[in-house]
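Asker: Pasting a structure here, questions to come.
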Amino acid sequence: MSERTDSLIGVLDALEQALTTARPMPMSSSVLVSRAELLALVQQARESMPAEIGDAERVLAEADAARERARQEGERIEAAARRRAEELVGEQSVVAQAEQRAAEIVAAAQAKAAELRREADDYCDRRLAEFEIDLGKVLAQVQAGRAKLAQRLDDGV
């Protein structure tokens, strides 16, 4: 076995490499593999899983933080709009203008807050989609590896 891999994909690639380069058995589709090498790679896969899951949790936490910042910014803008509206309403000569301007400010604040929420949700969705693709690849490789091992077990019986 060469060097230690740092990601689950790397470990699976190493497993695949070990299986494809294994010495074939004469007159058989079976191959000889190093049990120690494959067990070490499986252990590395187990060790890298928490890191991959931690990465996903970090992405979700970043998205939640972005969403919270967007919500707070929206509330701040809305509160400023309400304060400004109250100031304008307090002035007798500009009551009609103040109400209209306050509604515009509130609408703008709500639109901005909605936009920030959409952007945060979009960011979260993109990151989760990337993680979903990575996990799909990992799952496909694991299933392929298990299928090869199952076939080899069936052939060896």
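Asker: Kindly indicate whether residue 127 is farther than 15 Å from residue 53 by Cα, in a helix (DSSP H, G or I) and of a type outside the set (S, T, N, Q).
Answerer: no
Asker: Which one of the conditions (1) assigned to a loop (DSSP other than H, G, I, E, B); (2) at pLDDT 85 or above does residue 3 fail to meet, given that it meets all the rest?
Answerer: (2)
Asker: Restricting to segment 16-35, give me the number of residues that are in a helix (DSSP H, G or I) and open to solvent by less than 100 Å² (accessible area, probe 1.4 Å).
Answerer: 4
Asker: Now a separate question. Take residue 67 and tell me if it is within 22 Å of the chain's Cα centre (by Cα) and open to solvent by 90 Å² or more (accessible area, probe 1.4 Å).
Answerer: It is true that residue 67 is within 22 Å of the chain's Cα centre (by Cα) and open to solvent by 90 Å² or more (accessible area, probe 1.4 Å).
Asker: Give me the pairs, please: first residue somewhere in segment 72-88 and farther than 17 Å from residue 115 by Cα, second residue anywhere and open to solvent by 90 Å² or more (accessible area, probe 1.4 Å) and charged (D, E, K, R), beta-carbon distance under 6 Å, and either six or more positions apart or on two chains.
Answerer: No pair meets every condition.
The values are calculated or read from the model by the stated rules, or taken from the named source; none is laboratory data. Predicted, not measured: the structure shown is a model, and the values here were computed from it. With ideal geometry, Cβ positions are generated from the backbone for all residues, glycine too; neighbour counts draw on all protein chains shown. The area values use the complete protein model at the heavy-atom level, side chains included, leaving out ligands, DNA and RNA. Shrake-Rupley method; radii C 1.70, N 1.55, O 1.52, S 1.80 Å.
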